[in-house]
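Structure first, commentary second.
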Amino acid sequence: MPKDRIAVITGASRGIGRSIALALAAQGATIVAVDMDQAATDAIVAELKAAGGKALGVVGNVTVPADVERMIDAATEAFGRVDILVNNAGITRDGLLMRMKEEDWDAVLTVNLKGAFLCTRAAFKVMSKQRYGRIINIASVVGQMGNAGQANYCASKAGLIGLTKSNARELAKRNVTVNAVAPGFIATAMTDALSDKVRAELTAQIPLERLGSADDIANAVVFLASEASGYITGHVLSVNGGMYM
Ligand code: NAI
């Protein structure tokens, strides 16, 4: 990847977003790290700089159009371009359908799907003029196969796959590619807390017999953000150890 690429990453301060930020920075990209909380955003910027990278933090909420405009403006004012957008910010509000509250439905659809729409629309304004862009949406295996107790989350991630394909068709003429990465079960602080029995049940569904790591996802994002993936658009790259194919 050329050293001067500018990458905006939402939800960059922890988990998968943090690994993506560190991996893109290791390839020489300048990172615009977006998250909701000042302290967490400052911490990832400090970590990126300590690793020798260039980074700017923007505190903002992907569901608020003015925040989204501000984060893209901050990137262009500081660095002049937006080459890569990673729509990673996401939430869950799990519950069985009959007990699911409308507010839980709305919250998940708004962050996971509307947030990606708003960020893409704002970033494309810049990418369109540049005639270059790489947009990567972080979906989920459950958006491909469904999951009991996650109707809102699965609908949001399936919707994100539809948004990916639609935008891929529409933005291609400006040399902007749009792809999704669909992680399987990824080891996080949440999965660390699972009992051995539950962990064994999860692992039994995965041909590669392990949970994925945030770095497994980051490696896929680095490829889709690079020059090497220039003829790939509208693709959903499963990074799931084979649990769904
Ligand atoms: P996480 O909860 O550790 O991190 C999400 C980040 O997004 C947090 O820093 C949070 O502050 C930020 N965020 C949430 N709402 C936001 C908003 N409205 N505006 C700006 N930032 C916001 O989550 P994790 O596990 O790292 O997941 C990252 C992405 O990967 C999500 O889209 C998630 O759905 C997806 N994913 C995660 C899997 C897993 O096993 N952890 C599996 C499949 C997909």
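The values are calculated or read from the model by the stated rules, or taken from the named source; none is laboratory data. A quick note: this is a predicted structure, and the numbers were derived from the prediction, not measured. Cβ coordinates were reconstructed from backbone atoms using ideal geometry, including for glycine residues, and neighbour counts include every protein chain displayed. Heavy atoms of the whole protein, side chains included, go into the accessibility calculation; ligands, DNA and RNA do not. Shrake-Rupley method; radii C 1.70, N 1.55, O 1.52, S 1.80 Å.
Can you work out the base-10 log of I(q)/I(0) for segment 1-108 at q = 0.24 1/Å, using the Debye formula on its C-alpha atoms alone?
-1.27
Leaving out ligands, DNA and RNA but keeping every protein chain, what accessible area does Lys54 have, in Å² rounded to the nearest 10, with a 1.4 Å probe?
120 Å²
Picking from Ala107, Gly133, Gly143, whose Cα lies most toward the positive end of the charge dipole for segment 68-146 (charges on Cβ: Lys, Arg +1; Asp, Glu -1)?
After comparing all options, I get Gly133.
Pairs of Cα atoms under 8 Å, at least six residues apart: use those to get the relative contact order of the chain, whole percent.
Rounded, it is 19 percent for the chain.
Give me the angle, in degrees from 0 to 90, between the Cα long axis of helix 15-26 and the longest principal axis of the Cα atoms of the chain, rounded to the nearest 10.
40 degrees
What translational D, rounded to a whole number of µm²/s, comes out for segment 36-176 from Stokes-Einstein when the hydrodynamic radius is the Kirkwood one over Cα pairs, at 4 °C and 1.567 mPa s?
After rounding, the answer is 80 µm²/s.
What is the dipole size for segment 163-245, taken about its Cα centre, with +1 at each Lys and Arg Cβ and -1 at each Asp and Glu Cβ, in debye to the nearest 20?
420 debye
When Rg is the radius of gyration of the Cα atoms in the chain and Rh is its Kirkwood radius, what does Rg/Rh come to?
In the chain, Rg relative to Rh is 0.95.
Rank Gly133, Gly11, Gly162 by mean-square fluctuation in a GNM of the chain with C-alpha springs under 10 angstrom and give only the top-ranked residue.
Result for the chain, Cα springs under 10 Å: Gly162 fluctuates most.
Specify the angular offset, from 0 to 90 degrees and rounded to the nearest 10, of the alpha carbon long axis of helix 214-225 from the longest principal axis of the alpha carbons in the chain.
40 degrees
Using all Cα-Cα distances in segment 1-49, what percent lands in each 10 angstrom bin from 0 up to the longest?
The distribution over segment 1-49 is 31, 57, 11, 0, given as percents.
Across 5 Å bins from 0, what is the distribution of all Cα-Cα pair distances for segment 156-235, in whole percents?
That works out to 3, 13, 18, 17, 16, 13, 10, 6, 3, 1, 0, in percent per bin.
Let a ≥ b ≥ c be the square roots of the eigenvalues of the Cα gyration tensor of segment 101-236; is it rounded (a/c under 1.5), or, if not, prolate (a/b larger than b/c) or oblate?
In terms of gyration-tensor shape, oblate.
What is segment 60-125 by shape, rounded, prolate or oblate, if you read a ≥ b ≥ c off the alpha carbon gyration tensor as root eigenvalues and call it rounded for a/c under 1.5, prolate for a/b larger than b/c, and oblate otherwise?
prolate
Rolling a 1.4 angstrom probe over the protein chains, ignoring ligands and nucleic acids, what is the accessible area of Glu47 in square angstrom, nearest 10?
70 Å²
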